[in-house]
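A short write-up of the structure that comes next.
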Amino acid sequence: MPESTRTLASTTCCIIGGGPAGIMLGFLLAREGIPVTVLEKHQDFFRDFRGDTIHPSTLELLYQLGLFDKFLEIRHSKISHLSGVVGGYRATMADFSHLPTRAKYIALMPQWDFLDFLAAEAARFPNFTLRMGWEATGLLQSNGVTTGVIARTPEGVVEIPATLTVGCDGRRAISRQAAHLPLIEQGVPIDVLWLRLPRHDGDPENALGYVNYGRLIGLLNRIDYFQVACLIAKGSFPQLQQAGLSAFQQSLVRIVPFLADRVSEIDSWDKVKLLTVQVNRLTQWSSPGLLCIGDAAHAMSPVGGIGINIALQDAVAAANILAEPLRSNSLTTHHLKWVQQYREKAVRRTQAVQVFAHRILNRVLQNPGPVRPPLMLRIITNIPGFKYLTGRLIGMGLQPEHIRQHEQS
């Protein structure tokens, strides 16, 4: 052991990654009296263009936790339905007004506000510890069992022994890499460019997707500005940059004309962020002493804006299954496998829907000319109940979870 390495007092659960899944799982386990330490490699949560859509299924979890009203005191905007404009034809694609939930809308809020809120609530429990600026660099292992985490901190390298380590560290997870968990990549033909543009009075309030001229542009109302998502063919960003900002600005205006008076705000490629879209999943979410959930177990596409909510559902399911065996010191590999068995079907089906959507979107990107609204689109969007069904699928997901109450010892 290097002389600079220190060993901390052991914890019951060490969570790698202070994203939505990590903070939610830490909160839920600490709430059940279980000592938990969450490691977040950054000094704060402030990163732009992360998942900012808090779906009705997640808002329902906050309601079950008694945090709903307090959460909504944070500045946010609401999406009550999703609309699309395909070649000039506008249709409501999803409506959340009939959902069996407290909140019948998607809340749009910067992810750092959501994480700050949840971390502050978790900090009320004395057995919850959040270590900011602590980066997991490897796993402690003994005879094939993960026994904790090695982390780089501002004060040097530390070892954190733990009964259970949970990888919530995203698409480039050190947890799954260190444990050599097998990963299946699914080909994705699209990437997404994220940017901001000012929003003016009289602009559309609800989310809109514009499809035309080989491009799909989505606008999310963030009160003072639009968060703009621009779909492009995978790997084509360098070609767009080579064509120049002016050409990119003109392409936006061609599809969304009312942006003409503000696209000059994009005066540098630094204001355009590339999201390399991935869809993948582990065939095995766990090994002895280790569990991966959220993006560490299955990266989701931005289609539907559901990634953050799927990760949170994973965290709730994991807490429901693992809290009692962790508290009674009876955790086995069976419990870890149970989390995957319980959640995997919904994840795989959701990814299948996303992959199907990618095929359709790729066909859009391959047609640079004006789009004629397909007759099938007109028929489907006018079927009674269609927009409510899609609203339920997007707003609730295929397997919404519920907070399970445990008796504390």
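Laboratory data are not the source of any read-out in this text; all were calculated from the coordinates shown. Note that the structure is predicted; figures quoted are calculated from it, not measured. Note: ideal-geometry Cβ built from the backbone for every residue, glycine included; neighbour counts use all protein chains shown.
Any chance you could check the Cα centroid distance between the stretch 37-69 and the stretch 289-350 for me, in angstrom?
16
Just want the answer: with Cβ charges of +1 for Lys and Arg and -1 for Asp and Glu, which residue in S328, P373, V347 is farthest toward the dipole's positive end in the stretch 299-378?
The residue sitting farthest along the positive end of the dipole is P373.
In straight Cα distance, which lysines are under 17 Å from K234, not counting same-chain residues fewer than 8 positions off?
K234 reaches K273.
Taking the alpha-carbon centroid of each part, what is the distance from the stretch 207-269 to the stretch 359-393 in angstrom?
21
I'd like the antiparallel share, as a percent to the nearest 5, of DSSP beta bridges with both residues in the chain.
So the antiparallel bridges in the chain amount to around 70 percent.
Which one of L377, L220, L389 has the biggest mean-square fluctuation once the chain is modelled by GNM with Cα springs under 10 Å?
Top of the fluctuation ranking is L377.
Enumerate the aspartates and glutamates that K41 could reach by cross-link, defined here as Cα to Cα under 18 Å, with residues fewer than 8 away along the same chain left out.
D113, D116, E135, E155, E159, D169, D295
With the cut-off at 1.5 for a/c, could you classify the stretch 79-198 from its C-alpha gyration tensor as rounded, prolate or oblate?
Prolate.
What GluC sites (Glu not before Pro) does the stretch 72-146 have in DSSP loop regions with at most 15 other beta carbons within 10 Å?
E73
Can you give the charge dipole size of the chain about its Cα centre, rounded to the nearest 20 debye, using +1 on the beta carbon of Lys and Arg and -1 on the beta carbon of Asp and Glu?
1300
Which entries of K70/K271; K70/K104; K78/K104; K78/K271 have Cα-Cα distances beyond 21 Å here?
From the list (K70/K271; K70/K104; K78/K104; K78/K271), the Cα-Cα distance tops 21 Å for K70/K271; K78/K271.
Placing unit charges on C-beta atoms (Lys and Arg positive, Asp and Glu negative, everything else neutral), compute the dipole magnitude of the stretch 282-409 about its Cα centre in debye, rounded to 20.
Values: 13 positive and 6 negative charges, 140 e Å.
Here the stretch 282-409 has a charge dipole of around 680 debye.
Considering only the other residues whose Cβ falls under 12 Å of the Cβ of D191, what net charge follows from Lys and Arg at +1 and Asp and Glu at -1?
Once all neighbours under 12 Å are counted, the net charge is +2.
For the pair D69 and T332, what calculated FRET efficiency results from E = 1/(1 + (r/R0)^6), where r is the Cβ-Cβ distance and R0 = 56 Å, to the nearest 0.05?
My answer for the efficiency is 0.90.
Give me the percent relative contact order of the chain, please, defined on Cα pairs under 8 angstrom at least 6 residues apart.
Once normalised by length, the contact order is 23 percent.
Starting from the Cα of K345, draw a straight line to each of the lysines and keep only those under 20 Å, dropping any in the same chain fewer than 8 residues away.
K337
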